[in-house]
Amino acid sequence: MGDTMNATANVDPNEIAKFSELAHHWWDPTSEFRPLHEINPLRLDWIIAQCGGLAGKRVVDVGCGGGILTEAMAHAGAEVTGIDLSEKALTVAKLHALESGAPVHYEMIAAEAFAEMHPDTFDVVTCMEMLEHVPDPASTIRACAKLAKPGGTVCFASLNRTAKSYLFAIIGAEYLLQLLPKGTHDWRKFLKPAEITAWAETAGLTPKAIIGMGYNPLTKRYFLTDDVAVNYLIALAKW
């Protein structure tokens, strides 16, 4: 992984290994990544609404994994770069892009290193459910802010650190409904919206909107909601 992943990189090797082991399942909609496939249209539409459309925009997807959202944004007309530190996930992403014809560029590099190389470059920066998997989420937020152009939009998705999120995201999703593999998340690393907002404002970002995401186990469908106690997306502007 070269000098982009060294002893000082903002990365947890155990987290990288965990998702690398599952990499070959990324594009199987019936696999452990089924929730990502099912929430992808909701996320995409919300991101499009927050940035005023993706057509012709330069976008970077930080922590892109196997490229589910990355490809969707490219198909929506954006010029998209996906970055990640999992070589296996990126290999899957690149192969799928070849199959689908999605015009996506992928690169194995840390967000901080990529931001040093491409400051003030992107109209839209997305970072979906990565902050709760890195040792220093504030550092990732600073990198995302640096990558955005003035006037650009930065979108994060994370999980709130609440009693409800422990019940729904850990006990419910991982153990009872088995929507995710056991051990996917560590509740102690979940982030409150106020924490992300505080780090983001220090990095020069201004909050624009926040929305929650819920799941109905009876209909097996995800939906956007005003309740941000479990999953949520937050959009911020760089001025």
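Taking each residue of segment 138-149 that is charged (D, E, K, R) and looking for partners that are open to solvent by less than 10 Å² (accessible area, probe 1.4 Å) and at pLDDT 95 or above with beta-carbon atoms closer than 6 Å, six or more apart or interchain, yields Lys146/Ala115.
Assess whether His96 counts as being more than 16 Å from the chain's Cα centre (by Cα), surrounded by fewer than 20 Cβ atoms within 10 Å (Cβ to Cβ) and part of a helix (DSSP H, G or I). Criteria met by His96. The one condition from (1) open to solvent by 10 Å² or more (accessible area, probe 1.4 Å); (2) over 22 Å from Tyr232 (Cβ atoms); (3) in a helix (DSSP H, G or I) that Ala55 does not meet is (3).
Out of all the residues in segment 112-152, which are open to solvent by less than 10 Å² (accessible area, probe 1.4 Å) and not in a helix (DSSP H, G or I)? If the condition is that a residue be open to solvent by less than 10 Å² (accessible area, probe 1.4 Å) and not in a helix (DSSP H, G or I), then Phe122, Val124, Val125, Thr126, Cys127, Ala148, Gly152 are the ones that fit. Within the set Ile211, Ile171, the sole residue that is farther than 19 Å from Asn40 by Cβ and either modelled with pLDDT under 95 or in contact with a Leu (Cβ under 6 Å, 6 or more places away or on another chain) (or both) turns out to be Ile171.
Here Ala102 fulfils each of the conditions (1) among the aliphatic types (A, V, I, L, M); (2) assigned to a loop (DSSP other than H, G, I, E, B); (3) crowded, with 22+ Cβ neighbours inside 10 Å apart from (3). Please enumerate the residues belonging to segment 21-52 that are open to solvent by 60 Å² or more (accessible area, probe 1.4 Å) and among the aliphatic types (A, V, I, L, M). Listed by number, the list holds a single entry, Ala49.
Within segment 180-239, take every residue that is of a type in the set (Lys, Arg) and within 28 Å of Trp26 (Cβ to Cβ) and give me the one that is surrounded by the fewest Cβ atoms within 10 Å (Cβ to Cβ).
Start the filter on segment 180-239 by keeping residues that are of a type in the set (Lys, Arg), which leaves 182, 188-189, 192, 208, 220-221, 238.
Then keep just the ones that are within 28 Å of Trp26 (Cβ to Cβ); that gives 182, 188-189, 220-221.
Values: Lys182: 10, Arg188: 8, Lys189: 17, Lys220: 11, Arg221: 12.
Checking each candidate, the answer is Arg188.
Kindly evaluate Arg161 against the criterion of being open to solvent by 10 Å² or more (accessible area, probe 1.4 Å) and not in a helix (DSSP H, G or I). Considered against the rule, which asks whether it is open to solvent by 10 Å² or more (accessible area, probe 1.4 Å) and not in a helix (DSSP H, G or I), Arg161 comes out as yes.
Of the set (1) more than 21 Å from Arg142 (Cα to Cα); (2) hydroxyl-bearing (Ser, Thr, Tyr); (3) in a strand (DSSP E or B), all apply to Thr91 but (3).
Table: residues versus (1) out of contact with any His (no Cβ under 9 Å at 6 or more places or on another chain); (2) at pLDDT 95 or above.
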residue	(1), (2)
Ser20	yes, no
Ser31	no, no
Arg34	yes, no
Asn40	yes, yes
Ile47	yes, yes
Gly63	no, yes
Ala72	yes, yes
Gly82	no, yes
Glu107	yes, yes
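The values are calculated or read from the model by the stated rules, or taken from the named source; none is laboratory data. A quick note: this is a predicted structure, and the numbers were derived from the prediction, not measured. Using ideal geometry, Cβ is built from the backbone for each residue, glycine included, and neighbour counts are taken over all protein chains shown. Quick note on the areas: whole protein, heavy atoms, side chains included, nothing else; ligands and nucleic acids left out. Shrake-Rupley method; radii C 1.70, N 1.55, O 1.52, S 1.80 Å.
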